[in-house]
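Visitor: Quick one: the structure is below, and I'll ask about it shortly.
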Amino acid sequence: MIELRELRLAFGPRAIFDNVSAVVNKGDKIGLVGSNGAGKSTLLKILAGIESPDSGEVAKPGYATVGYLPQESLVAGSRPLYDEAESAFEGIVAMREKMARADAVIRSADPSSPEYADAVSEAGEIERRLEDAEESKLRSRVESVLMGLGFKISDMPRPCSEFSGGWQMRIALAKLLLREPSLLMLDEPTNHLDIESIEWLEDYLKSYPGAVLLVSHDRAFLNGLCNRTFHLSGGRLETYAGNYDFYEAESAARRLHLERAAENQRRAIEKTERFIERFRYKSSKAAQVQSRIKALGKIGRIELESGEKRIHFKFPEPERTGQIVLDVSGVCKSFGARKVLDGVSLRIERGERAALVGVNGAGKTTLAKIIAGAMKADSGRVELGLNVKMSYFAQHQTEELDKSNGVLEEALSAAPMERKGEVRGLLGSFLFTGDDVLKKVGVLSGGEKNRLALAKMLLRDFNFLLLDEPTNHLDMDSKKILADALAAYRGTYLIVSHDRAFLDPIVDKVYELGPSGLRAYPGNMTSYIEKIKAEGRLNLKNSPAAKKTASSFKERKAEAARRRAEISAIKKNVARLEGEIAAAEAELAKIEAEMAEPDFFKRGARCASAAEAYSALKSEIDALYSEWDRASALLEEPQSGG
């Protein structure tokens, strides 16, 4: 469907794409992976036509459309939520407006005028096109997608400007899903979704009729959805016919095969070189020597790519705390009339490794800020235990970085005097080496800013970690290393996150924050999800949205074609009935005119015959009108399944 042909792009001496080629087929669900800075977002922008390569091209057929959801900086207008989402159907909205104008002409124009006839014809054509587009199902489609992404029916009339940045991204995502482009490209779509919405989106995209190309660092999401994986590294793109787990295993096998081939080639070259060196000056071997020299010059040397650099660190050994690390009791917090936290209580004990989850808007970040002292509660109590030193990583910690500072300068600002000598070494372990430490914070990528914020956190003295979405913008390798460091950490931590694969191996308790307060679930994320499914709170397969998405594009088109044929037959029947009614009423009018003549009742047999015909016509017309009513009602009847 869409083909990348020999794309090349360089930023200065660094090659972002070096002869990158690939094909995206209809129905592909592709995960685009690679380290931070590999060029994943840039590739999506080139496919979307936002940026251009230095050379090469993106070839796609004229019918193919492309939709792109960037990571951030999307803001909807002030229209009501439902109207904004419905605007994804620009064609249907425009046809509705045309239909309204045609109806206005029909109501006001002379039925015998050309304007009236044109308006009737246009209205009929628009009606057919609206039927083809399943306009009668529009509201249910819009509402099911919005509700799948976490909105409520009560949100539909709210102005979009009232929603926060994360919800603005959901609005943009909803519009893209409803628009159904041939290629849907999503850059980190799960960063702003809670666990329930991620599960819904994964289910929805599995049945998406077009191709999907997504950048994500959510391993569980990629494994559940993707049937292909593109890996970007060192300017090259490799394709794999499977999900992320398949890619990992296959790339390791390819690497091993290449290493063996390179080793075999090295041995063969060394053997040839020894032969050349041994017999270089022996005239009887001159021809063989020359032949081997030529063969050696033609060999395509196997080059092994150097492995991608990875961050490496471990948390410092924590000082021992008392048994109770954190005690939260009866915390309440409201914003205006909206109560976010209502009497929340939480107790964390020494050595606990816990996750805090809940739908967006449940108050997780608010609670984290109150615990960290970054926000005051309206009422309630928050106490740290004996000898507890907390380090807090905020969800938007990167926004707290001073963009005008250099990397080294920013890190030094967080280091106590006795630890300033460690700063360069720590930055190196987070891949800030050489001149990288002089880069301005403002030019760093999202992943680089996150790494810098984590490095700053490690410069503090702590034995209790409170982390709010620490993995946003981190690539797979960096997340794995952070998870390994947390697994080895001997202190206590509470992590706010929706990343199932990240949390699963490192937590032993899950706290869920919801409208009824805080509930504790012993076990990891897999155990938690199984429990809430058993409670019937995550039964996505039977949800209205899932049922809607289960029908394929072809099935919808076939149903639309069947409906068109049915409506066409009904319209022909209505037209026939209208013709018969008109003829019968014309005949009735003649008899009425005859009956109105002064001498009509003096005509004897003719009078009786006309009266009998008049009565029969009245009955016939009544029957025709009843049949016409039934046929017309079929045209107005909404389609089932909406």
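Visitor: Within the stretch 337-375, how many residues are surrounded by fewer than 16 Cβ atoms within 10 Å (Cβ to Cβ), within 22 Å of residue 506 (Cα to Cα) and in contact (Cβ under 8 Å) with a residue 24 or more places away in the chain?
Guide: Within the stretch 337-375, residues that are surrounded by fewer than 16 Cβ atoms within 10 Å (Cβ to Cβ), within 22 Å of residue 506 (Cα to Cα) and in contact (Cβ under 8 Å) with a residue 24 or more places away in the chain number 1.
Visitor: Would you call residue 383 assigned to a helix (DSSP H, G or I) and not polar (S, T, N, Q)?
Guide: Against the criterion (assigned to a helix (DSSP H, G or I) and not polar (S, T, N, Q)), residue 383 does not qualify.
Visitor: Is it true that residue 77 is in contact with a strand residue (DSSP E or B) (Cβ under 9 Å, 6 or more places away or on another chain), at pLDDT 80 or above and of a type in the set (Gly, Ala, Ser)?
Guide: no
Visitor: Could we say that residue 107 is surrounded by 12 or more Cβ atoms within 10 Å (Cβ to Cβ) and of a type in the set (Lys, Arg) here?
Guide: It is false that residue 107 is surrounded by 12 or more Cβ atoms within 10 Å (Cβ to Cβ) and of a type in the set (Lys, Arg).
Visitor: Looking only at the stretch 427-447, how many residues end up being part of a helix (DSSP H, G or I), surrounded by 15 or more Cβ atoms within 10 Å (Cβ to Cβ) and modelled with pLDDT of 80 or more?
Guide: Here the count works out to 5.
Visitor: Of the residues that sit in the stretch 4-33 and are among the charged types (D, E, K, R) and under 25 Å from the mean Cα position of the chain (by Cα), which one is modelled with the lowest pLDDT?
Guide: 26
Visitor: Would you check if there is a residue in the stretch 162-177 being acidic (Asp, Glu) and either surrounded by 14 or more Cβ atoms within 10 Å (Cβ to Cβ) or modelled with pLDDT of 85 or more (or both)?
Guide: No - not one qualifying residue is present in the stretch 162-177.
Visitor: While we're on this one: Regarding the stretch 517-540, can at least one residue be identified that is of a type outside the set (A, V, I, L, M, F, W, C), at pLDDT 60 or above, farther than 28 Å from residue 328 by Cα and in a helix (DSSP H, G or I)?
Guide: Within the stretch 517-540 (the criterion being of a type outside the set (A, V, I, L, M, F, W, C), at pLDDT 60 or above, farther than 28 Å from residue 328 by Cα and in a helix (DSSP H, G or I)), the answer is yes, since at least one residue qualifies.
Visitor: Looking at 227, 191, 243 in this structure, which one is touching a residue at least 24 places away in the same chain (Cβ under 8 Å), surrounded by fewer than 22 Cβ atoms within 10 Å (Cβ to Cβ), touching a helix residue (DSSP H, G or I) at 6+ places or on another chain (Cβ under 7 Å) and farther than 20 Å from residue 144 by Cα?
Guide: 243 is the lone residue from the list that is touching a residue at least 24 places away in the same chain (Cβ under 8 Å), surrounded by fewer than 22 Cβ atoms within 10 Å (Cβ to Cβ), touching a helix residue (DSSP H, G or I) at 6+ places or on another chain (Cβ under 7 Å) and farther than 20 Å from residue 144 by Cα.
Visitor: Could you pull out the residue among 485, 560 that is of a type outside the set (Asp, Glu), modelled with pLDDT under 90, more than 30 Å from residue 631 (Cα to Cα) and surrounded by 13 or more Cβ atoms within 10 Å (Cβ to Cβ)?
Guide: 485
Visitor: Of the numbered conditions (1) among the hydroxyl-bearing types (Ser, Thr, Tyr); (2) surrounded by fewer than 20 Cβ atoms within 10 Å (Cβ to Cβ); (3) not in a loop (DSSP other than H, G, I, E, B), residue 197 satisfies every one except a single condition; which is it?
Guide: The failed condition is (2).
Visitor: Still on this structure, I have one more. Could you please find all residues in the stretch 34-54 being surrounded by 13 or more Cβ atoms within 10 Å (Cβ to Cβ), over 13 Å from residue 235 (Cα atoms) and out of contact with any helix residue (DSSP H, G or I) (no Cβ under 8 Å at 6 or more places or on another chain)?
Guide: The answer is 41, 44, 45, 46, 47, 48.
Visitor: So, one more: Only one of 467, 494, 454 is in a helix (DSSP H, G or I) and within 30 Å of the chain's Cα centre (by Cα). Can you tell me which?
Guide: 454
Visitor: Here is a follow-up. Confirm whether residue 467 is among the hydrophobic types (A, V, I, L, M, F, W, C), closer than 26 Å to residue 248 by Cα and crowded, with 22+ Cβ neighbours inside 10 Å.
Guide: Answer is no for this residue.
Visitor: Then there is this: Go through the stretch 615-627 and report how many residues are in contact with a Leu (Cβ under 9 Å, 6 or more places away or on another chain) and at pLDDT below 75.
Guide: So the count comes out to 1.
Visitor: Select from the stretch 246-284 the residues that are modelled with pLDDT of 85 or more, surrounded by 11 or more Cβ atoms within 10 Å (Cβ to Cβ) and within 35 Å of the chain's Cα centre (by Cα) and list them in ascending order.
Guide: Matches in the stretch 246-284: 246, 247, 248, 249, 250, 251.
Visitor: Identify, please: which residue in the stretch 386-426 is touching a strand residue (DSSP E or B) at 6+ places or on another chain (Cβ under 8 Å) and part of a loop (DSSP other than H, G, I, E, B) and is, among those, nearest to residue 37 (Cα to Cα)?
Guide: My answer is 403.
Visitor: Give me the residue from the stretch 373-396 that is under 20 Å from residue 458 (Cα atoms) and among the small types (Gly, Ala, Ser) and, out of that set, modelled with the lowest pLDDT.
Guide: By that ranking, first place goes to 394.
Visitor: Spot the failing condition for residue 208; the list is (1) at pLDDT below 90; (2) outside any helix (DSSP H, G or I); (3) of a type in the set (Ser, Thr, Tyr), and only one is missed.
Guide: Single failed check for residue 208: (1).
Visitor: Right, here's the next one. So residue 158 clears everything in (1) in contact (Cβ under 8 Å) with a residue 12 or more places away in the chain; (2) surrounded by 16 or more Cβ atoms within 10 Å (Cβ to Cβ); (3) touching a helix residue (DSSP H, G or I) at 6+ places or on another chain (Cβ under 6 Å); (4) more than 26 Å from residue 185 (Cα to Cα) except one condition, right? Which one?
Guide: Looking at each condition in turn, residue 158 falls short on (2).
Visitor: Right, here's the next one. Of everything in the stretch 593-606 that's part of a helix (DSSP H, G or I) and either modelled with pLDDT under 75 or of a type in the set (A, V, I, L, M) (or both), which residue is surrounded by the fewest Cβ atoms within 10 Å (Cβ to Cβ)?
Guide: Looking at the filtered set, the residue picked out is 605.
The values are calculated or read from the model by the stated rules, or taken from the named source; none is laboratory data. In this text the structure is predicted, and so the values were computed from the model without any measurement. Every residue, glycine among them, receives a Cβ derived from its backbone with ideal geometry; neighbour counts consider all protein chains shown.
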